[in-house]
Amino acid sequence: MQIENNFKWYDEEYCLAVVKQNGMLLKYVHNPTEEICLEAIKENGNTLKYINNPTEEMCLEALNQNIKAIKYIDIKKFPRVYEKYLFMVK
């Protein structure tokens, strides 16, 4: 959709408002800030799959939002997140 492709040209405030409404729209944001990424994840944990280099905080938030987000988390990089996942599935 043409409008979706234009998100990358708007300012940070606009992008933040957009991802708060629908986190999956993060995929149309060019160079999102950590704040934008976290807000997108809070709206939809699966948004993590659109983040190239997530922080541990982002991974934990994604896991809290959707346990299935574990498939987007590098467990070697974030073993503590994986430990939390194991605790959640017991």
What's the total number of residues in the stretch 16-50 that are touching a residue at least 24 places away in the same chain (Cβ under 8 Å) and not aliphatic (A, V, I, L, M)?
8
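Taking the condition surrounded by fewer than 13 Cβ atoms within 10 Å (Cβ to Cβ) and either among the aliphatic types (A, V, I, L, M) or on the phi > 0 side of the Ramachandran plot (or both), does residue 89 pass? Steps first, answer last, please.
Numbers: surrounded by fewer than 13 Cβ atoms within 10 Å (Cβ to Cβ): yes; either among the aliphatic types (A, V, I, L, M) or on the phi > 0 side of the Ramachandran plot (or both): yes.
Considered against the rule, which asks whether it is surrounded by fewer than 13 Cβ atoms within 10 Å (Cβ to Cβ) and either among the aliphatic types (A, V, I, L, M) or on the phi > 0 side of the Ramachandran plot (or both), residue 89 comes out as yes.
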Just give me the residues in the stretch 49-77 being surrounded by fewer than 19 Cβ atoms within 10 Å (Cβ to Cβ) and either under 12 Å from residue 37 (Cβ atoms) or touching a Cys at 6+ places or on another chain (Cβ under 6 Å) (or both), in sequence order.
49, 52, 53, 55, 57
How many residues does the stretch 23-34 contain that are touching a helix residue (DSSP H, G or I) at 6+ places or on another chain (Cβ under 7 Å) and either assigned to a helix (DSSP H, G or I) or over 16 Å from residue 54 (Cβ atoms) (or both)?
7
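Table: residues versus (1) in a loop (DSSP other than H, G, I, E, B); (2) of a type in the set (A, V, I, L, M, F, W, C); (3) out of contact with any helix residue (DSSP H, G or I) (no Cβ under 6 Å at 6 or more places or on another chain).
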position: 41; (1), (2), (3): no, yes, no
position: 48; (1), (2), (3): no, yes, no
position: 53; (1), (2), (3): yes, no, yes
position: 57; (1), (2), (3): no, no, yes
position: 63; (1), (2), (3): no, yes, no
position: 68; (1), (2), (3): no, no, yes
position: 81; (1), (2), (3): no, yes, no
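Where a number appears in this text, it was derived from the coordinates with a stated rule and is not lab data. All values reported here derive from a predicted model rather than from experimental measurement. A quick note on method: Cβ atoms are made from the backbone with ideal geometry, for glycine too, and the neighbour counts reach across all protein chains shown.
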